[in-house]
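K.L.:
Sharing a structure below in C-alpha cells format, with a few things to ask.
The values are calculated or read from the model by the stated rules, or taken from the named source; none is laboratory data. Owing to the predicted nature of the structure, the values given are computational and were not obtained by experimental measurement. Neighbour counts run over all protein chains shown; Cβ positions are idealised from the backbone, glycine included. The accessibility values were calculated without ligands, DNA or RNA, using every heavy atom of the protein model including side chains. Shrake-Rupley method; radii C 1.70, N 1.55, O 1.52, S 1.80 Å.
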Amino acid sequence: MPLPSHSNSQTLGSNVSTVDRTLLLSDETLLRILSKLPGSQLLSISLVCKRWLNLQGRLVRSIKVLDWAFIESGRLIERFPNLTHVDLSRCCVISSRNSGILLHHGDLSLHLSTEFSPICRILEENLLSVDVIDRGVRLIAGGCPNLSKLVVVGASEVGLISVAKECLTLQELELHRCSDDALRGIAGCRNLQILKLVGCVEGFHWELVSDIGLTILAQGCKRLVRLELSGCAGSFDGVKAIGQCCQMLEELTLCDHRMDGGWLAGLSYCENLKTLRLQSCRSIDSNPGPDEHMGSCPALESLHLQKCHSRDKMGMRAVFLVCQAVKDVVIQDCWGLEDDIFSWVILCRRVRFLSLEGCSLLTTQGLEPVLLSWQELQSLQVTSCKSIKDSEISPDLATRFSSLKDLKWRPNTKSLLASSLAGSGMGRKGGRFFRRV
C-alpha cells in the first residue's frame, strides 16, 4: 500500500485538529465538567460557541438585573433558566445613564439628571410604575420555580402573591418601598426565613409598615429566623404579634424605626431571640412604661447599638433592662452616650464581651464601675473613645484588665500603657495590643 504523500498528511492533520471532540459529550456530562471551573472563568467559556453559551447560562444561579427590558422580553429566563437568586433593585429605577451624579443609599444606586429637585422624593420620581414591576415579578416567578432569594423595589400585593404561589422554595426576600398592603402578598410565603423590609427613607420614598402589616406578616411567615425592619412604624402590638407567631425568630434588626412608645416591652414575647440590632435610631423608645411591664428576652445573647441617638435616658435604660440576659454588647458610634447613660448597661449582669467604638463622651470614670461589676467579663475592646484616658486607669481597673482573656485597648491614636499598670502583669499579657508610638 502506497504511503500518503506529505500534502495529504497535512490535510488529514488539519481536519483532525478542527474536530470538536466536546460534541461527543452529552450536555449533562459537559455541565458537570464546567461546574468544576471557578466562577471567574464562567463568563469566558460562554464565548467558545453557542452551545457553551447556553450551558454557561444553565450554570448561573445568581444575577443582578440592570435592564428591565431584559426581563419583559423573556430573555432573562431563556438565557438563565436555573436562577435561584435574583436582584431587581437596580432595574426597578429609571436611571439617567449619561449623568455624572450618582446617588447611593444602602444597596440602592441611581444616576440623577441635573434637573432633579432636592426636596422631592427621588425614588418615587424615578421608579417604574407598579403595574410594570408586578408584571416583571410575575414573569420571574413563573420562570424561576426554584427561586430562593429575591430583591425588589416597589412591588405590590399582586406581584408578590405570584411569587408566593409559584416559588415554594423562596427563603429570603428583600422588599424596598414596602407598605401594609404589599405584606398581604408575602404572607403566603410559608417557607420564608430571612426578610428585610424597607419602608420610609427620607428623600427617597415614603411608605410605612404599621402594626397591621406586622400582624399580617407574623401570621403568614411563621418560619422567620431573621427579620430586618428599616424605616418601619408600629408599636407594642406589632412586635408582640411577631414574637408570638414567629417562634423561630433568632435575629431582629431595627434601622431608623418609627415605632410608638412602649414597643420595647413587646420584645419579651420573642422567647428565642438571640441577636438584637438597633441601627441609626433617632430614639430608642420614647415612652417605655413601668419596669414591671417590660419583661426580658431570656435567650438573648448579643446586643448591637450602632449609630443611634443615645441621649434618650429612659429608652436606653429600657433596652438594657429588656436585654439583661445578654452576653455580648457592641456599642458603635452612638451619639450622646455619656457616663450616666452608659451606667445603665450594668443591668446586664452576664456580659462576657464588650466592644466600644466611637463613644467620644464616655470617660474612664464612667467605664470603670461597669467593668468592675461584671464578674463574667472575658473580652474587652475599646476603640476611638477619645475621653477615655490611660492616665486615669486606677489600680483596681488595671487588675481587672489583667484577668481578661482578650483585650484591645485603642481609645485614641496616641494611647499608651499608663505607669499605674506597672506590675499588674498587663505588660506581658497585653503586649500584642499596646505599642509605643
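K.L.:
On a C-alpha basis, how far is the centre of region 71-94 from the centre of region 324-343 in Å? Whole number, if you could?
P.N.:
What the calculation gives is 43 Å, centre to centre.
K.L.:
Among residues other than Ala325 whose Cβ falls under 11 Å from its Cβ, what is the net charge (Lys/Arg +1, Asp/Glu -1)?
P.N.:
With Lys, Arg at +1 and Asp, Glu at -1, the net is +3.
K.L.:
Val351: net charge of surrounding residues, Cβ under 12 Å, Lys/Arg +1, Asp/Glu -1, itself excluded?
P.N.:
Net charge in that neighbourhood comes out at +1.
K.L.:
Would you work out if region 201-335 is rounded, prolate or oblate? Take a ≥ b ≥ c from the square roots of the eigenvalues of the alpha-carbon gyration tensor; rounded if a/c is under 1.5, else prolate when a/b is larger than b/c, oblate otherwise.
P.N.:
It comes out rounded by the Cα gyration axes.
K.L.:
Now for a separate question. Can you give me the C-alpha center-to-center distance between region 364-384 and region 234-313, rounded to a whole angstrom?
P.N.:
Cα centroid of region 364-384 versus Cα centroid of region 234-313: 24 Å apart.
K.L.:
Tell me, what is the 1.4 Å probe accessible area of His309, in Å² to the nearest 10?
P.N.:
Number for this one is 80 Å².
K.L.:
First obtain the Kirkwood hydrodynamic radius of region 167-212 from its Cα pairs, then insert it into the Stokes-Einstein equation at 37 °C and 0.692 mPa s, and state the resulting D in µm² per second as a whole number.
P.N.:
290 µm²/s
K.L.:
Another question, if that's okay. Sort region 243-314 into rounded, prolate or oblate with this rule: let a ≥ b ≥ c be the square roots of the eigenvalues of the Cα gyration tensor; rounded if a/c is under 1.5, and if a/c is not under 1.5, prolate when a/b is larger than b/c, oblate otherwise. Let's see the in-between values first.
P.N.:
Details: a/c = 1.85, a/b = 1.27, b/c = 1.46.
In terms of gyration-tensor shape, oblate.
K.L.:
Report the convex hull volume per residue for region 271-374, counting only C-alpha atoms, in Å³.
P.N.:
Working: hull volume 9.0 nm³, N = 104.
Measuring per residue, one finds 86 Å³ for the Cα hull of region 271-374.
K.L.:
Ignoring ligands, DNA and RNA, how do Ile393, Ile33 rank by accessible area with a 1.4 Å probe, largest first?
P.N.:
Listed by decreasing accessible area, they come as Ile33, Ile393.
K.L.:
Report, in debye and to the nearest 20, how large the dipole of region 208-288 comes out about its Cα centre when Lys and Arg carry +1 and Asp and Glu carry -1 on their Cβ.
P.N.:
160 debye
K.L.:
Of all the accessible heavy-atom surface of region 162-222, with the other protein chains kept in place and a 1.4 Å probe, what percent is carbon and sulfur? Spell out each step's value before the answer.
P.N.:
On the way: 1070 of 2290 Å².
Within region 162-222, the accessible surface is 47 percent carbon and sulfur.
K.L.:
Between Trp52 and Asp181, what is 0.36 nm times their sequence separation minus the Cα-Cα distance? Round to one decimal in nm.
P.N.:
Values: separation 129, 0.36 × 129 = 46.44 nm, distance 4.39 nm.
Between Trp52 and Asp181, full extension yields 42.0 nm more.
K.L.:
Here's another thing I want to ask about it. Hey, could you grab the Kirkwood Rh for region 173-239? Inverse mean 1/r over distinct alpha carbon pairs, Å, one decimal.
P.N.:
11.7 Å
K.L.:
Order Phe236, Phe401, most accessible first, counting only protein heavy atoms with a 1.4 angstrom probe.
P.N.:
Phe236, Phe401
K.L.:
If you add up the charges near Arg138, with Lys and Arg at +1 and Asp and Glu at -1, over every other residue whose beta carbon is less than 13 angstrom from its beta carbon, what do you get?
P.N.:
Counting the neighbours of Arg138, the net charge comes to -3.
K.L.:
Using the basic label-point model (7 angstrom from Cα toward the beta carbon), what is the Glu271 to Glu392 distance in nanometres?
P.N.:
Distance between the two pseudo-spin positions: 4.5 nm.
K.L.:
Using a 1.4 Å probe on the protein heavy atoms, what percent of the accessible area of region 290-395 belongs to carbon and sulfur? Can you show the working numbers first?
P.N.:
Working: 2210 of 4460 Å².
Result for region 290-395: 50 percent of the exposed heavy-atom area is carbon or sulfur.
K.L.:
Still on this structure, I have one more. Among the DSSP beta bridges whose two residues both lie in region 142-233, what percent are antiparallel, rounded to the nearest 5?
P.N.:
5 percent
K.L.:
How big is D, in µm² s⁻¹, for region 324-384 by Stokes-Einstein at 37 °C and 0.692 mPa s if Rh is the Kirkwood radius over C-alpha pairs?
P.N.:
285 µm²/s
K.L.:
Given a 1.4 Å probe and the protein chains all in place, what does the accessible area of Glu157 round to, in Å² to the nearest 10?
P.N.:
70 Å²
K.L.:
How far is it, in nm, from the label point at Glu251 to the one at Arg350 when both lie 7 Å from their Cα along the line to the Cβ?
P.N.:
That separation, rounded to one decimal, is 2.1 nm.
K.L.:
Okay, next question. Could you tell me whether region 149-268 comes out rounded, prolate or oblate from its Cα gyration tensor? Rule is a ≥ b ≥ c as square roots of the eigenvalues, rounded for a/c under 1.5, then prolate if a/b exceeds b/c, otherwise oblate. Walk me through the intermediate numbers first.
P.N.:
Numbers: a/c = 1.79, a/b = 1.17, b/c = 1.52.
Since a/c reaches 1.5 but b/c is at least a/b, the shape of region 149-268 is classed as oblate.
K.L.:
Would you mind calculating the gained length between Glu78 and Ile194 on full extension (0.36 nm times residue separation, minus the Cα-Cα distance), in nm to one decimal? Kindly include the intermediate steps, with their values, before the conclusion.
P.N.:
Values: separation 116, 0.36 × 116 = 41.76 nm, distance 2.79 nm.
Full extension from Glu78 to Ile194 adds 39.0 nm.
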